[in-house]
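Please read the structure below before turning to the comments.
What follows draws every value from the coordinates through simple rules; no lab data is involved. Please read all numbers here as calculations on a predicted model, not as lab measurements. Here Cβ is always computed from backbone atoms with ideal geometry, including for glycine, and neighbour counts include all displayed protein chains.
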Amino acid sequence: MTLDPTILARIQFGFTVSFHIIFPTISIGLAMFLAIIEGLWLRTKDPLYLQIYRFWLGIFAMAFGVGVVTGIVLSFEFGLGFAHFGQMAGPAIGPMIALEVLTSFFLEAGFLGIMLFGLHRVGPKLHFLATCMVALGTLMSASWILSANSWMQTPDGITIENGHVIVTDWLKVVVNPTWLYRLPHMLAAAYITGSFLVAGVGAWYLLRGEHVAFGRRTVSLGTAFATILIAVQVFLGDILYGKMLEVQPSKMQAAEGFWEEQSQSPAPYYWFIVPDQQNQRNVFTLGTPYLGSIWLTHSLYGRVAGLKNTPVDRQPQMGWVFYGFRVMYGIAIIMFSLAVASLWLRWRGRLFTARWFLRALVIMTPSGVVATLGGWYLAETGRQPWVIYGLLRTVDAVSPVPANVLLSTLIAFICVYALFMTAFLIFTFRMIRRGPQAAPAQAEASGSLKHALKPAVMNSPVTRSSSPAE
């Protein structure tokens, strides 16, 4: 069997970047959550906020560490697996990656030590500043990476001379046509991921009747944040989809499963399709009439173009794009439903006692990560066959590396990353099973920061409440 180096290079990069994106998504979401929680602790002096902060700080640190290690690998892959891409686009992409390291990584690394180990060694305001700086660093890191990736989706501010990118307007390179839409969408996705992670763990404690006060507070905070963020995300997603229709219509047409122009009748919304890329048709479809026109054009009879308008050799693979979008969108609908349910249960005073809702939150604990991966596949496979949209094909960007080398390194990556994921899950589950450390009663009574930060608190035994969730 002959192995295609281009396919192997794409599989290898797709695997490593899919693994990597899990951890920045978690760390970005938890970093902002930790900054808010520590701010609430400083304002209210409620030791329960300190307990929540310290519990999630450990999980954040593990996600942050794995994210940094796996992110470094991607830089080497650009150079080794996609050397032609680096040679052509280096003048535009290179400075953005360098600025990401300078402004974000050093900001995070500079304050991360204080955040992790300075809780009882520095003043509370300085420690809060460190937490905010780390959260800001994760935001800036996401901003630069999304700027570089968005430029690959919608390149601007350049000319091409002798096969190389020449930057003519740096502002247009950084603030490219889709960056302002994709950045808030990605940040909201990360914050929603953190919210459901926090709420899911709290719900698990309530179902087991353990750490009830901790569980109630985290379920309340997680669902409140998720409700606000989901509402914002619906608005952001609709705007981004409209922009995609404008600048990358073939991606949208593949995401909707449309081969033909929906001009004779209102466009349906397909929930399930079996695409046949070779014959440019769907073998099977399951959809709802009119919903596609309403969704895409905000009109009952709006017309939508089909993928056949794009030359065959420039079309993305419909199956990957369609189901990447359905995974993201389907999970978003469930998240939105749970957010609405949380409002109703909160109003009825049953947010912490409705076991069906708590079980749903536990099931949805990793949902933000899965939805983000679905959205990422939509964005990246929808850009194909281009690595720089309209300028450089992926097949032309791949380095002349033998297939057996790519296959062996791919297997090595799978083995090493499996160890990373196993270690991360084991330590995370162990921390969750051990539960949060108790806050001292005197700190709760006096709200004393000094008491709350005593070393004895670090070694206090785990408290378990025998009172059930309902």
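Please list 158-168, 387-397 highest first by mean number of surrounding beta-carbon atoms within 10 Å per residue.
Highest to lowest by the protection proxy: 387-397, 158-168.
Spin-label point model (7 Å from Cα, Cβ direction): what's the Val247 to Ser299 distance in nm?
2.4
Count the lysine pairs in the chain that are 8 or more places apart or on different chains: how many have C-alpha atoms under 14 angstrom apart?
5
So for the range 246-403, taking the charge dipole from beta-carbon charges (+1 Lys/Arg, -1 Asp/Glu), which of Val401, Gln253, Ile363 sits furthest toward the positive end?
So the residue furthest toward the plus end is Ile363.
May I ask for the equivalent-ellipsoid semi-axes of the chain, computed as the square root of five times each C-alpha gyration tensor eigenvalue and listed largest first in whole Å?
With the √(5λ) rule applied to the chain, the semi-axes are 41, 28, 20 Å.
If I model a spin label as a point 7 Å beyond the Cα along the Cα-Cβ vector, how far apart are those points for Ala213 and Ala418 in nm?
Here the answer is 4.5 nm between the modelled labels.
Quote the charge dipole size of the chain about the Cα centre in Debye, to the nearest 20; the model charges only the Cβ of Lys and Arg (+1) and of Asp and Glu (-1).
Charge dipole, the chain, about its Cα centre: 1880 debye, nearest 20.
Tell me the mean residue ellipticity at 222 nm calculated for the chain from its helices only (DSSP H runs of n ≥ 4, each -39500 (n - 2.57), averaged over every residue, nearest 500).
Calculated mean residue ellipticity at 222 nm is -23500 deg cm²/dmol.
Does the range 110-255 classify as rounded, prolate or oblate by the C-alpha gyration tensor (a ≥ b ≥ c root eigenvalues; a/c under 1.5 gives rounded; else a/b over b/c gives prolate, otherwise oblate)?
Oblate shape, in that a/c is at least 1.5 and b/c is the bigger or equal ratio.
At what distance in nm do the modelled label points of Val175 and Ala98 sit from each other, each positioned 7 Å from its Cα along Cα→Cβ?
Those two pseudo-labels are separated by 2.3 nm.
Using R₀ = 41 Å, calculate the FRET efficiency as 1/(1 + (r/R₀)^6) where r is the Cβ-Cβ separation of Arg348 and Val232; round to 0.05.
The pair Arg348/Val232 has a calculated efficiency of 0.95.
Charges on Cβ only, +1 for Lys and Arg, -1 for Asp and Glu, centred on the Cα centroid of the range 133-231; of Ala224, Leu207, Pro177, which one is farthest towards the dipole's positive end?
Projecting each Cα onto the dipole axis, the largest value belongs to Leu207.
I'd like the FRET efficiency for Ile239 and Ser408, computed as 1/(1 + (r/R0)^6) with the beta carbon distance as r and R0 of 45 Å, rounded to 0.05.
Taking R0 as 45 Å, the efficiency between Ile239 and Ser408 is 0.55.
Ranked highest first by average number of other Cβ atoms within 10 Å, how do 408-414, 59-65, 333-339, 358-364 line up?
Most protected by this proxy first, the peptides run 59-65, 358-364, 333-339, 408-414.
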